[in-house]
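One structure is given here, and the rest of the page talks about it.
The values are calculated or read from the model by the stated rules, or taken from the named source; none is laboratory data. All of these numbers come straight from a predicted model, not from anything done at the bench. No Cβ is skipped: glycine too gets one built from the backbone with ideal geometry, and neighbour counts run over all protein chains shown. Quick note on the areas: whole protein, heavy atoms, side chains included, nothing else; ligands and nucleic acids left out. Shrake-Rupley method; radii C 1.70, N 1.55, O 1.52, S 1.80 Å.
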There are 2 protein chains.
Amino acid sequence: MSQPESESPKKKVSFRGRSNVPVANSNAEGEDAPEFEPFGLMPRGPPPLAEFLDIWDVNMLCKPNESNKKEHHTSLFSNPLLVVRRAQEFQIRITFNRAYDPSKDQFLLEFVIGASPQMSKGTYIPVFPDPGRRGLWRGRILDSIDNMVTVGITAAPDSIVGKFRTYVAVLTPYGIRRTRREPKRDVYILFNPWASDDPVFLKDEAERGEYVLEESGIVYHGEASDVSARPWNFGQFEYGVLDACLYVMDRAEMPITNRGDPIKVARKASAAINSKDDDGVLVGNWSGDYSYGVAPTSWTGSVEILITYAATKQPVAYAQCWVYAAVFNTFLRCLGIPARVVTNFYSAHDNDGNLKTDIIVDEEGKVDRVRTKDSIWNYHCWNECYMTRPDLPQGFGGWQAVDSTPQETSDGLYRCGPASVQAIKHGHICYPFDAPFIYAEVNSDVVFYKRDKSGNLEAARVNRSHVGRMVLTKAIGGDQPFELTNQYKFAEDTEEERTVSAKAEGYGMDRPKVNYPEPDVKVEVLAQEVSIGDDFQLDLEFKNHSGEHRTINAFVTGYVVYYTGVTSGEVKYETLKVTLDPWQTERVSVDVHSKDYMSKLVEQSNLHFMVTGRVEEGSQIVSAMRVITLHVPKLSIKVIGDPRVNEETLVSVEFTNPFQFSLDSVHLRMDGPGLMTPKYKHFSVIPPNGPLHWPESFTPRRAGPTKLMVTLDCLALRQVYDQVVVNVKP
Amino acid sequence: MSQPESESPKKKVSFRGRSNVPVANSNAEGEDAPEFEPFGLMPRGPPPLAEFLDIWDVNMLCKPNESNKKEHHTSLFSNPLLVVRRAQEFQIRITFNRAYDPSKDQFLLEFVIGASPQMSKGTYIPVFPDPGRRGLWRGRILDSIDNMVTVGITAAPDSIVGKFRTYVAVLTPYGIRRTRREPKRDVYILFNPWASDDPVFLKDEAERGEYVLEESGIVYHGEASDVSARPWNFGQFEYGVLDACLYVMDRAEMPITNRGDPIKVARKASAAINSKDDDGVLVGNWSGDYSYGVAPTSWTGSVEILITYAATKQPVAYAQCWVYAAVFNTFLRCLGIPARVVTNFYSAHDNDGNLKTDIIVDEEGKVDRVRTKDSIWNYHCWNECYMTRPDLPQGFGGWQAVDSTPQETSDGLYRCGPASVQAIKHGHICYPFDAPFIYAEVNSDVVFYKRDKSGNLEAARVNRSHVGRMVLTKAIGGDQPFELTNQYKFAEDTEEERTVSAKAEGYGMDRPKVNYPEPDVKVEVLAQEVSIGDDFQLDLEFKNHSGEHRTINAFVTGYVVYYTGVTSGEVKYETLKVTLDPWQTERVSVDVHSKDYMSKLVEQSNLHFMVTGRVEEGSQIVSAMRVITLHVPKLSIKVIGDPRVNEETLVSVEFTNPFQFSLDSVHLRMDGPGLMTPKYKHFSVIPPNGPLHWPESFTPRRAGPTKLMVTLDCLALRQVYDQVVVNVKP
């Protein structure tokens, strides 16, 4: 045991006595195979090897224009090595010292991954160029011209995904002669959504184009009736990203043998994308203080994050849900697992499969902000990835929800999924992994409790439709949203919805048992679009659904909230008395002034208004809630001229500070798949109403349509961004 | 946010913006409730409170001979506070300044746990002494004599388990007056296997006596045909153990709200009992070097371990599987979850739901020790706990397997279960949690691969019955083993077994597809009992099941192995040629000398013999394996005289070094439930053939039958122990 323990004490210290070899859990590690491996005893000195095949060259045929990368849909990878997908043939060309004679020469290719490779574990794979020979991967001779032989190799559909070392070995009667290890002969094997026997197979070419190959994306946020679309550069093909994704698994010490299973890869990554427990990629921070890192709203894409993580080997600061989801998406698409980012509006969170979010009102009907401790996230982002689920009964394959945002009250673990979306919709939440959490995120009820003087609480009203209002993802091939709500649940008040709800309750999901008659007076906070800094009127609509007079004593409270629904400063408090004739509808407006909220804004500028009240006739509780997302000013980007491959192109970013106060320490970031590595600019101040101008340039790496995105971020103003479509000419 | 962040930076730093209050995950934390809580405005100075009830005393009736502890089966707890179980009434006696008048006085009891208590989360529980009043816990007046009122309180059957603070509060028109917090009024609420509506309800009184109340246990180890029984003091009622168990959950930051769910408690604890990830209770070490801690074989029970963990707040060194299982068992029984330790003989491990253990033989049939990297544990211990499983379809409640020994190649997480034993038996491994791992531990196949010269492997023989040979636990009310094998699987070669196997394969369990015809020659290594230091003959039995002559070229290898099956030094290598007439059975003996193995022994003294060979006629591979556990010399304990409660009793421990060499640095430990806190003695040397004498004394704490156990441990000799039954007279 003469290991250099000081170098990696954590891993080496305790396997002795526990296992014959330490668990291979790093793609980066692995000893080289010997160049000569003798068979038993050799009587007299080194054998005369001259008569046997000698290997002059091994050509991995890995140029972007060669057939391997084209046919495996990997030519977008900015990676000089061979990148191919499993369950599909690729080619390697070997040049010998003389023509290959199948009748007397015997050679094989060997693919090796990680330390202590073993054939029975799929980490050492000999491939004979003989289709009749059984083996994990198939091999055959495609052609043999002069002393050049082209071999076709097909990795097994359950092959480990990662970076393999390649050797060519010649069998002689004395032993095996093999090529020396050359890093340029390493080959990446990826998941293959194009192969019908790969568990991540996806039939539709347009879907594969979006969910595997598309590098630019949209993350939806805001409010269900006023959705904003933030551009994101997933950048899964950018230089270094593939290696960074493999590093994510190495760092999480994921056993190599598990890396061919998309279920295990997705599950492991849901833990490894966040830094909790395992020093994963991203550190969460919702506090508003990002002094020691980058504000979550400032990122333009995943490339900078993943490259920094792999280079510094330290978690990157900071993330909130959409950053986690976007980086996770890059990871999945990069390895070849079809994936998309979804946004759930009004998302119950941190509630550990409990189906209630509690709001406590006092005897008058006024919200008790001190005792109300739960919050509903204005929106929450997670991912879906596409795969079969052989570990579950039939019918639960397809899209699987995974979430890498750490759930504070989850099972003590900061990972979630994959959970079958189909199982969630149908209430079959007894199947792994973590289905009750996702089910609760889209199905929780909001329960209003009335608290009496002695501290006793009584449920007074339940809102079953507020949570999980809408689930969106980016449409295939376009920037518009595509609604997935009906993938997660049946329509409210249908027979199916009630059946599913009963089924979930059968699995211990504790739905509140209160079923008060709906009040005959309804109130709604009307949706509206408001720009930050504006005075506006909040419109409330009261409807009397009864044939009698009704008098409502209502309380309107407005709070600045984080996107997590956590309240910060109060901006509005008003009491209203509304009297309604039978069947009457009445609109009431409440003035909100910019001076009331501007100094209190936090993060993403959301105002949360809640109306609660008591109907004098019969003491029914009425309630309504709405988040008003204050619109921030837009950036503008202009590309000057027609961008061409490898030619410098100028771009101009313009912005005007709309406020009467200066913006301090302003961070700008620019990014675009195939266009540039992420660029960054810092302005220490933009004066009141002052302009900002950032002239920049880039040199496109490849032709075709792509996008250029810019963000602006400072303490007083977050979520400012823009994107333009750029069509790069050859 | 003026939190003293320096004191606990990890927990406080990031909830701002993410949640209104940090998640309550510590039973030890929690602010005191105010002594006076006014209702709204009070016009003129403090109100005249004199006319309202004043509380003079609150008596928790927590003496061991009072009815609370007796009826709740908690009188064994060495704990001065009230310890009761949920879903069963307990009593509290309140003395007021005058007689209580239900027509005008209003009082309530309040039970509070953790920080930020909320009624809707079950962490703040008001109890009115009025059975008609709805509430989480029920209350009623049992009697009212003079100014003393006895209140009966029944905690909800899903109540949080832990230590609650108790207040008595009187309602006045001006506000609530409540008692000051007094630590002696704290009450522990535990799970209740005696209550039919508690999810841990266990019907049989004898089973409850064993699986909840029994403090001394047996952990089985050794080999299936030569089982050894190690005594263990679970000590779940010893002073400090209950608080230590609550600390285990606090340290693991388990949200308080989850602590009423036995599924979540068992799952969390399976992670928190080992130190991986979360600085849990025990550090694993299988290396044989225990210089910086206590050797796993040296412990006598769980008390010392749990008390040390709670006191030092550091993981305790060291554990192997039975230590993890035994401490986990203490935790479960202490909180009131029925539990037992089970031992699986020949346990596949570390294989992540893969159903194969690979052994590689060369072309001659000889085991290739360099390339064979898998190992089968001679035995492995885990736990079963008893509960309903509302999160699963019906039929999977009952015993659940949980395992706190860290699985090196598991899902990246060092926890396992609860998995329904019923589901494992029937192959329904699609249900949480971690059923495939346990299924594989009892059902894996041993696959012999033949490796040809070019490195290719071909499966040559499969042994389907070696793994999971026998599962044992201690019998109810006795020290003999009780076999559970048929709880985990159907008998080999039955129709049921084949159906289950097919079902598990349907869930992606990759059973090796080879189905070679059984060889017509069988070989067996016969079981035998050998004492350490003896020369012995290893008996092999070859049977020819054919009508033809057979010649077998066999290799016998013997290795010193750890109990994990990991091989250390070779002790025997012999080749045999056996010729058999048709239908003949022949015994062959191989000599093994003590000098061959004595200097090479590691840990628990196991020798692993493997016979593999090739039949000349037809090249079938035959194989057999057996572990020979070398018996170690016994200790002897003698109790002198008749022990009586609170009287000092003498005890004498005797041992003789049977070897020609001296035993150095010998550690002895003595322990016994109700008899003593664990005692420890160190001898620096026992000369060759020399005696050891340890006179000790103890003072029993309670009457009745119990056990006294002693262990001896040193580098050269492990698993030396003895126990005696002690009947303490009152």
Requested in this report: Among the lysines, select those whose C-alpha is under 16 Å from the C-alpha of A:K489, and discard any that sit fewer than 8 residues away in the same chain.
Outcome: A:K425, A:K503
Requested in this report: Scan around A:A87 for amide H atoms under 5 Å from its own, H built in the peptide plane at 1.01 Å from N, and keep only partners 5 or more places away or cross-chain.
Outcome: A:A155, A:A156
Query raised in the report: Which of the lysines could a cross-linker span from A:K638 if the Cα-Cα distance has to be under 25 Å and same-chain partners fewer than 8 positions apart are dropped?
Result: A:K474, A:K679, A:K681, A:K707, A:K729
Query raised in the report: How high is the relative contact order of segment A:36-190, in percent, with contacts defined as C-alpha pairs under 8 Å that are six or more residues apart?
Result: 28
**Report entry** Hull-based mean projected area of segment A:466-572, where the convex hull spans the alpha carbons, in square nanometres
**Finding:** 11.5
Report task. Can you pull the one-decimal nm distance between simple spin-label points at A:R180 and B:I141, each 7 Å off the Cα toward Cβ? Result -> 9.6
Query - For A:D479, label point 7 Å along C-beta direction: distances to other copies, nm - result: 8.0
Report summary line: Inter-copy distances for A:S75, nm, shortest first, label points 7 Å along Cα→Cβ, are 8.5
Report summary line: For A:S546, the residues 5 or more places away or on another chain with a placed amide H closer than 5 Å to its own amide H are A:W583
Report task. Please give the contour-minus-distance gain from B:L576 to B:T494: 0.36 nm per residue of separation, less the Cα-Cα distance, rounded to one decimal in nm. Result -> 26.0 nm
Report summary line: Dividing the mean separation of Cα pairs under 8 Å (6+ apart) by the residue count of chain A yields a relative contact order in percent of 9
Query raised in the report: What is the mean number of Cβ atoms from other protein chains located within 10 Å of the Cβ atom of each residue in peptide B:16-28, rounded to a whole number?
Result: 6
Query raised in the report: What residues qualify as long-range amide H neighbours of A:S228, i.e. H under 5 Å apart, gap of 5 or more or another chain, H built at 1.01 Å from N?
Result: A:H221, A:G222, A:E223
Query raised in the report: Mind checking the mean number of beta-carbon atoms from other chains within 10 Å of the Cβ atoms in A:116-123?
Result: 5
Query - Dmax and Rg, reported as Rg then Dmax, of chain A (C-alpha, Å) - result: 30.0, 112
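Which length gain, in nm to one decimal place, applies between A:F36 and A:E66 when the Cα-Cα distance is subtracted from 0.36 nm times their residue separation?
7.6 nm
Given the alpha-carbon gyration tensor of segment A:205-506, what are the semi-axes of its equivalent ellipsoid in whole angstrom, ordered largest first, with each equal to the square root of 5 times an eigenvalue? Before the final figure, lay out each step's value.
Numbers: eigenvalues 213, 101, 66 Å².
Semi-axis lengths for segment A:205-506 are 33, 22, 18 Å.
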Query - Copies compared at A:K104 - label distances in nm, ascending, label defined 7 Å from Cα in the Cβ direction - result: 12.0
**Report entry** Burial order of peptide ranges A:202-214, B:268-280, B:639-651 (average beta-carbon count within 10 Å, highest first)
**Finding:** B:268-280, A:202-214, B:639-651
Requested in this report: Determine the shape class of segment A:55-133: with a ≥ b ≥ c the square roots of the Cα gyration tensor eigenvalues, call it rounded for a/c under 1.5, and otherwise prolate if a/b is greater than b/c, oblate otherwise.
Outcome: oblate
Report task. Using the heavy atoms of the protein chains and a 1.4 angstrom probe, tell me the accessible area per residue for segment A:36-190 in square angstrom. Result -> 43
Report summary line: In order over segment A:84-96: 3J(HN,Hα) from phi, Karplus 6.51/-1.76/1.60, θ = phi - 60°, whole Hz, x for each Gly or Pro, gives 9, 10, 6, 6, 8, 6, 10, 10, 10, 10, 10, 9, 9
Requested in this report: Give the accessible area for A:L580 in Å² (nearest 10); use a 1.4 Å probe, count only protein heavy atoms, and leave out ligands, DNA and RNA.
Outcome: 0
Query raised in the report: If you put +1 on each Lys and Arg Cβ and -1 on each Asp and Glu Cβ, how big is the dipole of chain A around its Cα centre, in Debye rounded to 20?
Result: 2140
Report task. Work out the FRET efficiency for B:A475 and B:S196 from their Cβ-Cβ distance, taking R0 = 22 Å, and round it to the nearest 0.05. Result -> 0.30
Requested in this report: Please name which of A:P157, A:V316, A:P633 has its Cα lying farthest along the dipole of chain A towards the positive end, using unit charges on Cβ (Lys, Arg +1; Asp, Glu -1) and the Cα centre as origin.
Outcome: A:P157
Query raised in the report: Considering every Cα-Cα pair within segment B:636-728, what fraction, in whole percent, is farther apart than 19 Å?
Result: 39
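Whenever you get a sec, line up B:I55, B:I305 from highest to lowest accessible area (probe 1.4 Å, protein heavy atoms).
Values: B:I55 40, B:I305 0 Å².
My answer, sorted largest first, is B:I55, B:I305.
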Query - B:H593 accessible area, assembled protein chains, probe 1.4 Å, Å² - result: 70
Report task. Starting from the Cα gyration tensor of the protein assembly as shown, multiply each eigenvalue by 5, take the square root, and state the resulting semi-axes largest first in whole Å. Result -> 57, 49, 25
Report summary line: For segment B:279-367 (alpha-carbon point model, no solvent) the Debye-based log₁₀ I(q)/I(0) at q = 0.17, 0.23, 0.26 Å⁻¹ works out to -0.84, -1.19, -1.31
**Report entry** Largest-first principal axis extents of the Cα set of segment A:400-493 (Å)
**Finding:** 58, 31, 24
Requested in this report: Obtain the nm distance between the two label points defined at B:S599 and B:L650 by a simple spin-label model: each point lies 7 Å from its Cα along the Cα-to-C-beta direction.
Outcome: 4.4
Requested in this report: Along Cα→Cβ, 7 Å out, is where each label goes; now give me the distance between the ones at A:S589 and A:E363 in nm to one decimal.
Outcome: 3.7
Report task. Count the DSSP beta bridges whose two residues both fall in segment B:36-190, then state the antiparallel fraction as a percent rounded to the nearest 5. Result -> 90
Report task. Grab the Cα-Cα distance for B:A99 and B:E505, subtract it from 0.36 nm times how many residues apart they are, and report the gain in nm with one decimal. Result -> 139.0 nm
Report task. Sort all Cα-Cα distances of segment B:86-243 into consecutive 5 angstrom bins from zero, then give the percent of pairs in each bin up to the one containing the longest distance. Result -> 2, 7, 13, 17, 16, 13, 10, 7, 5, 3, 3, 2, 1, 1, 0, 0
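Treating only the Cβ atoms of Lys and Arg (+1) and Asp and Glu (-1) as charged, compute the dipole magnitude of segment B:521-631 about its Cα centre; round to the nearest 20 debye.
I would put it at about 220 debye.
Can you give the charge dipole size of segment B:205-506 about its Cα centre, rounded to the nearest 20 debye, using +1 on the beta carbon of Lys and Arg and -1 on the beta carbon of Asp and Glu?
Details: 29 positive and 43 negative charges, 47 e Å.
Charge dipole, segment B:205-506, about its Cα centre: 220 debye, nearest 20.
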Report task. Please compute P(r) over all alpha-carbon pairs of segment B:521-631, binned at 10 Å starting from zero, and give each bin as a whole-number percent. Result -> 15, 46, 26, 12, 1
Query raised in the report: With r defined as the distance between the Cβ atoms of A:Q528 and A:Y239 and R0 fixed at 41 Å, what FRET efficiency is calculated, to the nearest 0.05?
Result: 0.35
Query raised in the report: Can you list the lysines whose alpha carbon is less than 20 Å from that of B:K600, not counting same-chain residues fewer than 8 positions off?
Result: B:K572
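R0 = 22 Å: FRET efficiency of A:E205 with A:N59, Cβ-based, nearest 0.05?
With R0 = 22 Å, the Cβ-Cβ based efficiency is 0.15.
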Query - At 0.890 mPa s and 25 °C, Stokes diffusion of segment A:435-477 via Kirkwood alpha-carbon radius, µm² per second - result: 190
Query raised in the report: Ordered by residue, what ³J(HN,Hα) values in Hz, to whole numbers, does segment B:366-376 give under the Karplus form 6.51 cos²θ - 1.76 cosθ + 1.60, where θ = phi - 60° and Gly and Pro are x?
Result: 8, 5, 8, 5, 6, 8, 7, 10, 6, 9, 10
Query raised in the report: Which whole number gives the average count of other chain Cβ atoms within 10 Å of the Cβ atoms across peptide A:451-457?
Result: 6
**Report entry** For segment B:484-493, Karplus couplings with θ = phi - 60° (6.51, -1.76, 1.60), whole Hz, Gly/Pro x
**Finding:** 10, 3, 6, 7, 9, 7, 6, 4, 4, 6
Query raised in the report: Hey, what number do you get for chain A at 222 nm if only DSSP H runs of n ≥ 4 count, each worth -39500 (n - 2.57), divided across all residues, to the nearest 500?
Result: -3500 deg cm²/dmol
**Report entry** Exposure of A:M249 as accessible area (Å², to 10), given a probe of 1.4 Å and all protein chains
**Finding:** 10
Query raised in the report: Carbon and sulfur together cover what percent of the accessible area of segment B:101-246 at a 1.4 Å probe radius?
Result: 48
